[in-house]
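The next block holds one structure in the form of structure tokens; read it before the comments.
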Amino acid sequence: METVILAVVIAVVVLGALGGLVVGSRRKKPLPPPPTSVPDITAPPAEPHVGDEAETPRDEARRTIEEVDLPDGSAPVAVEEPPVPDVPVLDVPEPTAGRLVRLRSRLSRSQNALGKGLLTLLSREHLDEDTWEEIEDILLTADVGVAPTQELVDGLRARVKVLGTRTPQELRTLLREELLKLVGTDMDRTVRTEPEDRKPGIVMVVGVNGTGKTTTTGKLARVLVADGRTVVLGAADTFRAAAADQLQTWGERVGAHTVRGPEAGDPASVAFDAVKEGKEMGVDVVLIDTAGRLHTKTGLMDELGKVKRVVEKHAPLDEVLLVLDATTGQNGLVQARVFAEVVDITGIVLTKLDGTAKGGIVIAVQRELGVPVKLIGLGEGADDLAPFEPEAFVDALIGD
């Protein structure tokens, strides 16, 4: 046992001696000698200039400013043009010449009850008193009016008695001639918009709300533009919220300028400004749409008279058009009388003639006011307002 312990101790001593020798030899190892010269340091690559490649610039020949050819200013310089604003596309109104003839089929579809009823009764072999009473009833139902109806029946009776035997074509010719007498072919139906001594022509449109007054004013602007006139619209119906917007929309479609004022503002002021701007712009026609609340209101009639007086400070009115709804019949005549007391009506516009068989209102209203029907409306289309032509109208009434 003692021998083993002794051996272990000897081994430990030997290992410790060997380790000390190794450490001592390492401490005595000399350091490397210091450098004898300064080392070369490579510079970082230069930053590339604008348009150069990202690499170290190379030595190359350079020119002075005197050697560089500069532009002499003769070369064109590209200049970016400002964007052109979009030009609104305007409507091209349908020509007015012969417009009623083109709309004749639409008129005849709704008016044939009058003509066909009369022709059927007149074709009877014996025209007794009962037959003539039926003829009178048809005419009165069509709103021809009492006095015109009696005139027409008397004329037909006399000519049928002389004619004797009656063919369908002879009856049609007979009825056409008698109706033309009542409608009138010798009345001046021109819408006066071209005064000889000045510009612009001034047209005032009046009527009760609901008759199509503002729409008619817009359609009339299209009629005038179609005939080559320039137009300014005056939105003097300031009491109906949508009237000015509606009229302006009609004007924008054909390139007509619209003058408007604040809602519930003074209508006479708007009318005055419209004529003033029309004169300054040198347009051909100024159309003034007026208020049209109930015609029984004295205030409205007073306002209408004021508009007329204010406008005439610029120039006399060339045309005062009364718009009537053909479907209202005798009520339309009552309206006509009231308006005629306030302003001098010079022409009548009958709207909605496409929706009723009461075309006789043309005869009755002319007889009541002593002024001609100048325009008629035959539908909701933009170009459905047509100059009134007696021959085409009567032909549509009695059919082919």
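In table form, for the structure just shown:
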{"item": "Breaking point among (1) under 24 Å from the mean Cα position of the chain (by Cα); (2) β-branched (Val, Ile, Thr); (3) closer than 30 Å to Glu280 by Cβ, for Thr190", "result": "(1)"}
{"item": "Every pair of residues 6+ apart whose Cβ atoms lie under 7 Å, when the first sits in the stretch 234-253 and is among the charged types (D, E, K, R) and crowded, with 24+ Cβ neighbours inside 10 Å while the second is at pLDDT 90 or above and not in a helix (DSSP H, G or I)", "result": "Asp237/Asp289; Asp237/Thr290"}
{"item": "Residue, most open to solvent (accessible area, probe 1.4 Å), within the stretch 254-282, restricted to residues that are in contact (Cβ under 8 Å) with a residue 40 or more places away in the chain and within 15 Å of Arg222 (Cβ to Cβ)", "result": "Gly255"}
{"item": "Phe339 farther than 15 Å from Val206 by Cα and crowded, with 18+ Cβ neighbours inside 10 Å", "result": "no"}
{"item": "Every pair of residues 6+ apart whose Cβ atoms lie under 9 Å, when the first sits in the stretch 119-146 and is more than 13 Å from Arg157 (Cα to Cα) while the second is open to solvent by 80 Å² or more (accessible area, probe 1.4 Å) and among the charged types (D, E, K, R)", "result": "Gly145/Arg367"}
{"item": "Positions within the stretch 297-325 being under 23 Å from Pro387 (Cα atoms) and modelled with pLDDT under 90, in sequence order", "result": "Asp325"}
{"item": "Contacts under 9 angstrom Cβ, first residue in the stretch 371-400 being closer than 14 Å to Leu179 by Cβ, partner modelled with pLDDT under 80 and assigned to a loop (DSSP other than H, G, I, E, B), 6 or more apart", "result": "Glu389/Gly98; Ala392/Gly98; Ala392/Leu103; Phe393/Gly359; Ala396/Leu103; Ala396/Gly359; Leu397/Gly359"}
{"item": "Considering residues of the stretch 333-390 that are of a type in the set (S, T, N, Q) and in contact with a strand residue (DSSP E or B) (Cβ under 8 Å, 6 or more places away or on another chain) only, the residue modelled with the lowest pLDDT", "result": "Gln335"}
{"item": "Arg124 being in a loop (DSSP other than H, G, I, E, B), within 40 Å of the chain's Cα centre (by Cα) and of a type outside the set (S, T, N, Q)", "result": "no"}
{"item": "Test result for Asp325, open to solvent by less than 40 Å² (accessible area, probe 1.4 Å) and either within 16 Å of Asp188 (Cα to Cα) or among the acidic types (Asp, Glu) (or both)", "result": "yes"}
{"item": "Hits in the stretch 283-297 - residues which are surrounded by fewer than 24 Cβ atoms within 10 Å (Cβ to Cβ) and touching a residue at least 24 places away in the same chain (Cβ under 8 Å)", "result": "Val283, Asp284, Ala291, Arg293, Leu294, His295, Thr296"}
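Residue-by-condition table, conditions (1) of a type outside the set (Lys, Arg); (2) farther than 20 Å from Ala386 by Cβ; (3) surrounded by fewer than 16 Cβ atoms within 10 Å (Cβ to Cβ); (4) in contact with a Ser or Thr (Cβ under 9 Å, 6 or more places away or on another chain):
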{"position": "Gln150", "(1), (2), (3), (4)": "yes, yes, yes, no"}
{"position": "Leu163", "(1), (2), (3), (4)": "yes, yes, yes, no"}
{"position": "Gln169", "(1), (2), (3), (4)": "yes, yes, yes, no"}
{"position": "Arg172", "(1), (2), (3), (4)": "no, yes, no, no"}
{"position": "Glu177", "(1), (2), (3), (4)": "yes, yes, yes, no"}
{"position": "Thr190", "(1), (2), (3), (4)": "yes, no, yes, no"}
{"position": "Thr193", "(1), (2), (3), (4)": "yes, no, no, no"}
{"position": "Val203", "(1), (2), (3), (4)": "yes, no, no, yes"}
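The values are calculated or read from the model by the stated rules, or taken from the named source; none is laboratory data. Note that the structure is predicted; figures quoted are calculated from it, not measured. Positions of Cβ are backbone-derived with ideal geometry, glycine not excepted, and every protein chain shown enters the neighbour counts. What goes into the accessible areas is simple: the full protein's heavy atoms, side chains included, and nothing from ligands, DNA or RNA. Shrake-Rupley method; radii C 1.70, N 1.55, O 1.52, S 1.80 Å.
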